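S.K.: Starting off with a structure, shown below.
We did not get these values from a lab; they are worked out from the coordinates using the rules stated. All values reported here derive from a predicted model rather than from experimental measurement. Neighbour counts are summed over all protein chains in view; Cβ atoms, including those assigned to glycine, are modelled from backbone coordinates with ideal geometry.
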Number of protein chains: 2
Amino acid sequence: MFDKEIYIERRKKLKSKFESGLLLFLGNEDSPMNYADNAYHFRQDSTFLYYFGISEPALAAVIDIDEAEVILFGNEMSIDDIVWMGRQKTLKEKSEDSGLTNVQSSDKLETFLNQCQQKNRAIHFLPPYRPENKIKLSKWFGLPVDALEHSASLSFIKAVVSQRSVKSTEEIVELDKAAAVSADIHLMVMQQAKPGMYERELAAKIQEAALASGGNLSYPAILTIRGEILHNHYHGNMLREGQMVLNDSGVETALGYAGDLTRTFPVSKKFSPVQKDIYDIVLNAYTNAKNALAPGVRYLDVHLTSCKTLAQGLKDIGLMQGNADDAVEAGAHAMFFQCGTGHMMGLDVHDMEDLGEQYVGYTDELKKNTSQFGLKSLRLGKALETGYVLTVEPGIYIIPELIDRWKAEQKFAEFINYDKLEQFRNFTGIRVEDDFLITKNGNRMLGKHLAQSIEEIEAIRAEAY
Amino acid sequence: MFDKEIYIERRKKLKSKFESGLLLFLGNEDSPMNYADNAYHFRQDSTFLYYFGISEPALAAVIDIDEAEVILFGNEMSIDDIVWMGRQKTLKEKSEDSGLTNVQSSDKLETFLNQCQQKNRAIHFLPPYRPENKIKLSKWFGLPVDALEHSASLSFIKAVVSQRSVKSTEEIVELDKAAAVSADIHLMVMQQAKPGMYERELAAKIQEAALASGGNLSYPAILTIRGEILHNHYHGNMLREGQMVLNDSGVETALGYAGDLTRTFPVSKKFSPVQKDIYDIVLNAYTNAKNALAPGVRYLDVHLTSCKTLAQGLKDIGLMQGNADDAVEAGAHAMFFQCGTGHMMGLDVHDMEDLGEQYVGYTDELKKNTSQFGLKSLRLGKALETGYVLTVEPGIYIIPELIDRWKAEQKFAEFINYDKLEQFRNFTGIRVEDDFLITKNGNRMLGKHLAQSIEEIEAIRAEAY
């Protein structure tokens, strides 16, 4: 945990945005794997972590604006709990570490909320994403589960998003650490990958290194020779000469802050000429996007810069045709780049995605384009501010199923050279990704430099086997 | 997946136990970590795996007894799904692998169940343990979430338990493999542990090896210098000379079958004299329990044999006193051994725990003793049958909080030497555990031999650093 003053200050700031009512925070519970007591590793809700810092299942908290009171709801361990689960600190000690003085047992919460509802006091809650919390909210507020998302408090969402979006000094220290540890792991993978290995062996090494660092993975590692599959979690393929490995993985620190990096490297010691061509197009898009990052710049424009660089590069090698800017405007580049150039990052790898992309990545004026194939996956569009942390991760992905669909319709035939594309059908995909902090004057890459140019990567691969 | 004939046969056998009605099977969904799309690794429900073999989120199935029909409910991937998640096989292909011909889209299930309810047809379902499935059942059957467990079908539970309890040849092959891979990992940990390492480094190696084997952990690894905490998942301590490491971990195979082994070894090259004394008491209890395993023998009696061996050994070194059998009958040994000697194992490490311990481990005649501290944690009591797979895992755990509580009450003072026990206050704990198949003539240990005697363990530790 951070120093308790930090949590007290965060709660004070949030409270100052409300005149009345109650803010209800639900921590997460243990998630059962194949029966109730065989649970996945516990991950606390990020908003709960941000305001309270206590990573323990089955907690809740209320900030009572009118009474200027903060109440933590939770239970001390029973002797049975201690026998089975052990104890590092009592809940009372943890609450003191968080600057809290009022701790009540969990069974008091429902009655407390009932009383507040009887007095017609406004109870703000955030949109639930965990089914266990949907069940609780549904019961407490007498709402069908399907209605909960729309009953969540917009003012609460917006207040949390505005506060969590701008990272403080102590958060940047954590995010730098997450990115640096992630970079070390990427280097290790690049050094150890060999033809004949299975993807799962490398994925396992990544998991090991994340746990050994004292944290965990911030998301399930993508470690694949089929880099064209954006969120591929299959690890059953063998690495063969001529293929590429796409490694999209990152750690979260013990306090929960995420790193998120991607590198793509050849299984062989060198990239093939075609792989080099495509790699350099992606790297150009990365560089142009990165250089555009600064306060006041809309990330939508950063994304479009990256798309246009990709389209121009693809045109140069004959996979696209016509005017590159027109192609991007029409959305034709999404044959090769189906997703967004990046997203906000913090306590979540897609920061605050549970609170709604429209609030985290867009504004009332700049709404997300949900109709265009590529833009609907752009999680961040709005103007950047000093203190934002985000990723830049352009890529080129050749997806056979997508070629077949679009080619059958002759979709964007003026911009896509389908004949040539057929020759690239099994190319797979390339992505390059780093994490950036928006600074007063521009941006700073988080963590440390990780081999990125073809020369740097081939130098490492030359030593690998 | 196994050959489809196996799933067809299993369903046929289950069906034969019902005269009428429908059996509803709910597969699991992805479990969100910190937002909906950042999910834990997927684990299919074990009963769904047993009867259908398809490990994919958001499936359901119905066996219609009257119509002699089996329907799988699920959706083929959309092009967006394919772009993001990739695809190894279509749902249609997977359903064929499972011997299924009738596949309907997920949105048809609710209507289907409504129609069956209108016709007053009996719909059997199993007690849900995943909150997402509680939400669904609550909606479909108009029941409060709290009422679902009691509305689950007893005949369905009992039919599944009786079928899954007796392992078939192909299941035993998987369970042997799980135990053997688990044993390899234990040996690696025993070879690599060194003073100065952190617990998390070893826990990370275990996780790596489980993933690299093509499976996963069957439960979160317990890797701790505080072995007295039964289900300790904290990995933040440094290993120091004089301490012991308790490693309770096992893999599940790609098909989902579990291994579950425990070894306790010294951080130093040798056990201390006191550690040796206690270790040998535990090993005697293990040996006596193991030797008692045979068809027709009640596991409750195996457990009591193990408890009595522990009590006698503890009496021999002066920690207990009085008659050992009387001490066990009174429950005084539970100061040192708070849990059960073992549990059923199969597709779940605690097999079918979601279906209810009273059905898996006990009978209508032999109910679980829920009042005695030690016996209430004994998950298995009933007579063993050929084909059962279970663990034997006695231990001695010195829990300071428990000493303080019981000593203050002078609980079992006739059997516990509290003065001497104070000298052992920080001893921590020892457990030894292997997995066994009940055979026609007795039992067979699954997997392979793993160093177990003090001599074997010290020989490995001598080479470790």
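S.K.: Rounded to whole Hz and in sequence order, give me ³J(HN,Hα) for segment B:216-227 from the Karplus expression 6.51 cos²θ - 1.76 cosθ + 1.60, θ = phi - 60°, writing x for Gly and Pro.
M.R.: Values, residue by residue: 7, 6, 7, 6, x, 4, 9, 9, 8, 8, 10, x Hz.
S.K.: Under 5 Å between amide hydrogens, which residues at least 5 positions from residue B:244 or on another chain qualify, with H placed 1.01 Å from N in the peptide plane?
M.R.: Distant-sequence amide H within range of residue B:244: B:267.
S.K.: Using alpha carbons only, how many angstrom separate the centre of segment B:257-322 from the centre of segment B:158-187?
M.R.: The distance from the Cα centre of segment B:257-322 to that of segment B:158-187 comes to 23 Å.
S.K.: What GluC sites (Glu not before Pro) in segment A:144-201 are in a loop by DSSP, with at most 10 other Cβ atoms within 10 Å of the Cβ?
M.R.: none
S.K.: Another question, if that's okay. So, R0 is 25 Å and r is the distance between the beta-carbons of residue B:404 and residue B:280; what FRET efficiency does that work out to, to 0.05?
M.R.: Calculated value: 0.35.
S.K.: Take segment A:4-165, drop everything but the C-alpha atoms, weight them equally and run the Debye formula without solvent; then report log10 I(q)/I(0) at 0.16 Å⁻¹ to two decimals.
M.R.: Results for segment A:4-165 at q = 0.16 Å⁻¹ read -0.98.
S.K.: Given a cut-off of 28 Å, name the pairs among A:17/A:89; A:136/B:205; A:15/A:382; A:13/B:139; A:94/A:136 whose C-alpha atoms lie farther apart than that in the structure shown.
M.R.: Pairs exceeding 28 Å: A:17/A:89; A:136/B:205; A:13/B:139.
S.K.: Here is a further query. On the Cα set of segment B:144-234, report Rg and Dmax in Å, please.
M.R.: 18.6, 54
S.K.: Then there's this: If amide hydrogens are placed 1.01 Å from N in the peptide plane, which non-local residues have theirs closer than 5 Å to the one on residue B:217?
M.R.: Correct list: B:252.
S.K.: Moving to a separate point now. Give a residue-ordered list of calculated ³J(HN,Hα) values for segment B:25-32 (Karplus: 6.51 cos²θ - 1.76 cosθ + 1.60, θ = phi - 60°; whole Hz; x for Gly, Pro).
M.R.: Running phi through 6.51 cos²θ - 1.76 cosθ + 1.60 with θ = phi - 60° gives 10, 9, x, 8, 9, 5, 9, x Hz.
S.K.: Using alpha carbon centroids, what distance separates segment B:429-465 and segment A:392-465, in Å?
M.R.: Distance between centres, Cα-based: 50 Å.
S.K.: Let me ask something else. DSSP loop GluC sites (Glu not before Pro) in segment B:1-34 with at most 15 other Cβ atoms within 10 Å of their Cβ, which ones?
M.R.: In loop regions of segment B:1-34 (DSSP not H, G, I, E or B), the sparsely surrounded GluC sites (Glu not before Pro) are B:19.
S.K.: Still on this structure, I have one more. What do you get for trypsin sites (Lys or Arg not before Pro) in segment B:325-402 restricted to DSSP loop and a cutoff of at most 14 other Cβ within 10 Å of the site's Cβ?
M.R.: Taking segment B:325-402 and a limit of 14 other Cβ atoms within 10 Å, the loop trypsin sites (Lys or Arg not before Pro) found are B:367.
S.K.: Kindly express, to the nearest 10 degrees and within the range 0 to 90, the angle between helix B:273-292's C-alpha long axis and the longest C-alpha principal axis of chain B.
M.R.: 50 degrees
S.K.: Something else now. Restricting to segment B:4-165, what percent of DSSP beta bridges are antiparallel, rounded to 5?
M.R.: Of all bridge pairs located within segment B:4-165, approximately 65 percent are antiparallel.
S.K.: Calculate one ³J(HN,Hα) per residue across segment A:381-396 by plugging θ = phi - 60° into the Karplus curve 6.51 cos²θ - 1.76 cosθ + 1.60, and present them in order as whole Hz with x for glycine and proline.
M.R.: Residue by residue, segment A:381-396 yields x, 6, 5, 7, 10, 3, x, 5, 10, 8, 9, 10, 8, x, x, 10 Hz.
S.K.: I've got another one for you. If R₀ is 30 angstrom, what is the calculated FRET efficiency for the pair residue B:422 and residue A:106, using the beta carbon separation as r and rounding to 0.05?
M.R.: With R0 = 30 Å, the Cβ-Cβ based efficiency is 0.30.
S.K.: Where the Cα atoms of segment A:28-75 are projected onto their three principal axes, how long is each span, largest first, in whole Å?
M.R.: Principal axes ranked by extent give 43, 19, 12 Å for the Cα atoms.
S.K.: I've got another one for you. In 10 Å bins starting at zero, report the fraction of Cα pairs in the protein assembly as shown per bin as a rounded %.
M.R.: For the protein assembly as shown, the binned pair fractions read 2, 11, 19, 23, 22, 15, 6, 2, 0, 0 percent.
S.K.: Determine the relative contact order of chain A: mean sequence separation of Cα pairs under 8 Å and six or more apart, normalised by residue count, in whole percent.
M.R.: 15 percent
S.K.: Then there is this: Please give the helix B:108-118 orientation as an angle from the longest Cα principal axis of chain B, in degrees from 0 to 90, rounded to the nearest 10.
M.R.: That works out to roughly 80 degrees.
S.K.: If the only charges are +1 at each Lys and Arg Cβ and -1 at each Asp and Glu Cβ, what is the size of the charge dipole of the protein assembly as shown around the Cα centre, to the nearest 20 debye?
M.R.: Its charge dipole is roughly 0 debye.
S.K.: Rounded, prolate or oblate, given the Cα gyration tensor of segment A:234-296, with a/c below 1.5 counting as rounded?
M.R.: Oblate, since a/c reaches 1.5 and b/c is not below a/b.
S.K.: Just add up the charged neighbours of residue A:4: K/R +1, D/E -1, any other residue whose Cβ is under 13 Å from the Cβ of residue A:4.
M.R.: -3
S.K.: Could you list A:320, A:1 in order of exposure, starting from the residue whose Cβ has the fewest other Cβ atoms within 10 Å?
M.R.: The most exposed by this proxy come first: A:1, A:320.
S.K.: Give me the base-10 log of I(q)/I(0) for segment B:108-172 at each q in 0.12, 0.13, 0.14, 0.26 Å⁻¹, Debye formula, one uniform scatterer per Cα, rounded to two decimals.
M.R.: So the normalised log intensities are -0.40, -0.46, -0.52, -1.14.
S.K.: Could you please report the charge total around residue B:51, scoring K, R as +1 and D, E as -1 over all other residues with beta-carbon less than 11 angstrom from its beta-carbon?
M.R.: +4
S.K.: Taking H placed 1.01 Å from N in the peptide plane, check which residues at least 5 places from residue A:73 or on another chain put their amide H under 5 Å from its amide H.
M.R.: Close amide H contacts, sequence-distant or interchain: A:60, A:61, A:62, A:104.
S.K.: Hey, what's the per residue convex hull volume over the C-alpha atoms of chain A, in cubic angstrom?
M.R.: 160 Å³
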